[in-house]
1. Please order 40, 97 by the number of other Cβ within 10 Å, starting at the fewest.
2. Over segment 90-225, what lengths in whole Å, largest first, do the semi-axes of the equivalent ellipsoid take, defined as the square roots of 5 times the eigenvalues of the alpha-carbon gyration tensor?
3. Assuming R0 = 22 Å, what is the FRET efficiency of residue 50 and residue 83, from their Cβ-Cβ distance, to the nearest 0.05?
4. What is segment 4-232 by shape, rounded, prolate or oblate, if you read a ≥ b ≥ c off the alpha carbon gyration tensor as root eigenvalues and call it rounded for a/c under 1.5, prolate for a/b larger than b/c, and oblate otherwise?
5. Which of the lysines could a cross-linker span from residue 15 if the Cα-Cα distance has to be under 17 Å and same-chain partners fewer than 8 positions apart are dropped?
6. If you put +1 on each Lys and Arg Cβ and -1 on each Asp and Glu Cβ, how big is the dipole of the chain around its Cα centre, in Debye rounded to 20?
7. Using only alpha carbon pairs under 8 Å that are at least six residues apart, calculate the relative contact order of the chain and give it in whole percent.
8. Using the Cβ atoms and a cut-off under 15 Å, what net charge is assigned to the surroundings of residue 187, where Lys and Arg are +1 and Asp and Glu are -1?
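Read-outs: derived from the displayed coordinates by stated rules, not from any lab. Predicted, not measured: the structure shown is a model, and the values here were computed from it. Cβ placement follows ideal geometry from the backbone for every residue including glycine, while neighbour counts extend to all protein chains displayed.
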Amino acid sequence: MMTPEQTDFRVGVIKPVECIKEGWALIKDQYWLFFGLTIVAMLLGGAVPIVLLGPMMVGLFLCLFEKQGRRPFEFGLLFKGFDQFVPGLIVTAIKVVPILIIVLPFYFIMFATMMATMPRGQASPDEMSRFLISFYSIEMIFVIVVMVVSIGVEIFFMFAYPLVADRKLSGLDAVKLSIKAGKANFGGMLGLLVLNALLSFLGIFLCFVGAYLYLPIAFASQAVAYRRVFPESQQTFASPPPPPASWA
C-alpha cells in the first residue's frame, strides 16, 4: 500500500474545459454503460449515504480508470469498490463533517426565522405575500449556501475516492493527499467544479433529465483531472516478465 509521501502530484495541469471535453471523449462510445454505472452508484450510495456512498464512488472510479487504460471491464467492477469499504467509509465520514458543521446551523436559523415570521391566525393577503417572499428568499439563500459549501469541500476531497481506487491509500491518507493536491490546484479544480455545476444546472431545465444525463460526463471529467494530477503509477500494474533466454 502506498503512502502520501510515495505519491507525487502535478500542479497547474487542470484545464476545466479540456477536462470536460476529454471526459466526454472518454465515455462517449460507452455512454449508456457509464450512465447505468453512475445511476446505480448514486442510487445505492444514496440509500445509506455515509455507509454505501464510499464504496460506490470508489467502484465508479475503478470503472473510469479501466476505461482510461483501454482495459476491458464489466458492470460488476462497480461493486469491487466494496474491497475498499473501510477507506471509502472513512473518506465519506470525514467529508460530511465540514458540511454538517456549516450547513446545519444555517438550516436551524432558517427554520427559526420562518417560524417567527409565519402569519398567525387569519392572515391578510399582504401578510401572506410578505411571508412567501421571505420564505422563498431564505430558501434561495440556503440553496446557494449549500452549493458554495459543497463546492468548497469538494475542491479538497475530489481526489480522495480516486486515490483509494487507484493507489489503494487508506481513507485518512487519501483525504490528506487530496487536500494537498486540492490546495496546489485550487484554481483549476474550482473552475472544473463550477463549470460542471453550471452545466448540471442547465440540465435541470430539461425536466431534471438533463442533469442526470450529464452526471457521467461530470464524473469522467473528474477522472481526467485526477489522471492529469496523478499520472498512472508504474506500481499500479506489474511489469510483464522478461522473455525466456531461448527467445533471444
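1. Placing the least packed residue first, the sequence is 97, 40.
2. Largest first, segment 90-225 gives 37, 19, 11 Å.
3. After rounding to 0.05, the efficiency reads 0.75.
4. Because a/c hits 1.5 or more and a/b exceeds b/c, segment 4-232 counts as prolate.
5. Cross-link targets: 183.
6. 320
7. On the way: 295 pairs, mean separation 80.6, N = 248.
Value for the chain: 33 percent.
8. Numbers: positive: 10, 15, 183, 228; negative: 18, 154.
Within the 15 Å Cβ shell, the charges total +2.
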